Amino acid sequence: MQFFLDTANIDAIKKYASWGIIEGITTNPSLIAKEGVDVKTRILEIAKIVDGPISSEVIATDTEGMLREGRAMAAWHENVYVKVPMTSEGLKAVKVLSAEGIPTNVTLVFSASQAMMAARAGATLVSPFLGRLDDISEDGMALVADIIHIFRNYNIQTKVLAASIRHPLHVVQSMKVGADIATMPPEIFEKLVSHPLTDKGLATFLSDWEKVKKFQK
Ligand code: E4P
């Protein structure tokens, strides 16, 4: 499973990309609004740091508008994935963009049937929002598992990106059900690296080493 960061914060992207295993970035209008920046400028800044898919979301809600915005975004950088909401207008836009060879990420997916429709339209990625389903007492991870199962039934190449991840267990569960990608806020990514037994074990190794340091040639 690939790790993506779900943020438009450049300091966080620089910090965590330096660990070497971030393979893409997802943004959305809310994340861009949090940074208060020009979206094109920020996407291009991100592209200098991360060499992988960078999702940039259209604002238009009609197909023509989505196509206009999507084509313009795709021309910014070869790694831009045009993020399109899961609506009937969005499906039409994905169909055209995909025929033009422009990669897409269909966002705000909350059911398996939506995921299949996005795949049939030619989506490169589908993003089930598992945390938002958990928030309303539905099982978000079950949806991710269902989509993966169904895509395998039909040998569908569209990748499943587990989105709206809220805690480290969501990441582990995403791996268990076979998600292709998980996108997560930087603070979740940070939490994944540590374990108290790793820290304790390392402290013991270092203090034991002190005792034999003088014998080293
Ligand atoms: C994914 O692409 C979305 O930007 C994101 O995961 C949404 O997460 P949220 O539900 O925490 O806002």
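General remarks:
- Theoretical FRET efficiency, 1/(1+(r/R0)^6), r = Cβ-Cβ of Ile10 and Arg120, R0 41 Å, to 0.05: 0.70
- Listed residue pairs exceeding 31 Å between alpha carbons, taken from Lys176/Lys211; Lys14/Lys211; Lys40/Lys95; Lys83/Lys176; Lys48/Lys200: Lys176/Lys211; Lys14/Lys211; Lys48/Lys200
- Note on Ser30 and Glu89: their simple-model spin labels are 2.0 nm apart, each label 7 Å out from Cα toward Cβ.
- Fully extending the segment from Glu138 to Ser113, taken as 0.36 nm per residue of separation minus the present Cα-Cα distance, adds 7.4 nm.
- Relative contact order, percent, the chain [alpha-carbon distance under 8 Å, six or more residues apart]: 17
- Using only side-chain charges placed at the Cβ, +1 for Lys and Arg and -1 for Asp and Glu, the dipole size of the chain relative to its Cα centre rounds to 700 debye.
- Taking region 34-159 and dividing mean pair separation by its residue count, relative contact order in percent (alpha carbons under 8 Å, at least six apart): 17
- Excluding ligands, DNA and RNA, the accessible surface per residue across region 97-153 is 43 Å² with a 1.4 Å probe.
- The tail of the calculated P(r) for region 156-217, taken as Cα-Cα distances beyond 12 Å, holds 74 percent of the pairs.
- Computed from Cα positions, the angle between helix 39-49 and the longest principal axis of the chain comes to roughly 40 degrees.
- Translational diffusion coefficient (Stokes-Einstein; Kirkwood radius from C-alpha pairs) of region 31-113 at 4 °C, 1.567 mPa s, in µm²/s: 99
- Under the shape rule built on the C-alpha gyration tensor, where the axes satisfy a ≥ b ≥ c, the chain is prolate, since a/c reaches at least 1.5 and a/b is greater than b/c.
- Its DSSP H runs of at least 4 residues, each contributing -39,500 (n - 2.57), put the calculated 222 nm mean residue ellipticity of the chain at -16000 deg cm²/dmol, to the nearest 500.
- Carbon plus sulfur fraction of accessible area for the chain, probe 1.4 Å, in percent: 55
- Efficiency of FRET from Cβ geometry, Trp76 and Leu197, R₀ 35 Å, rounded to 0.05: 0.20
- Note on the chain: with a GNM built from Cα contacts shorter than 10 Å, the maximum mean-square fluctuation among Pro29, Pro186, Pro196 falls on Pro196.
- Rounded tilt (10° steps) of 88-99 against the dominant C-alpha axis of the chain: 80
- Across Val96, Val84, Val50, mean-square fluctuation computed from a Gaussian network of the chain (C-alpha pairs under 10 Å connected) peaks at Val96.
- Projected label distance in nm at Ile49 and Lys213, using a 7 Å step from Cα toward the beta-carbon: 3.6
- Top of Thr158, Thr26, Thr41 by mean-square fluctuation, Gaussian network on the chain, Cα under 10 Å: Thr41
- Take Leu91: with every protein chain present and a 1.4 Å probe, its accessible area is about 30 Å².
The values are calculated or read from the model by the stated rules, or taken from the named source; none is laboratory data. On a predicted model such as this, the values are computed, not experimentally measured, just so you know. Using ideal geometry, Cβ is built from the backbone for each residue, glycine included, and neighbour counts are taken over all protein chains shown. Areas reflect the complete protein model, heavy atoms only, side chains present, ligands, DNA and RNA absent. Shrake-Rupley method; radii C 1.70, N 1.55, O 1.52, S 1.80 Å.
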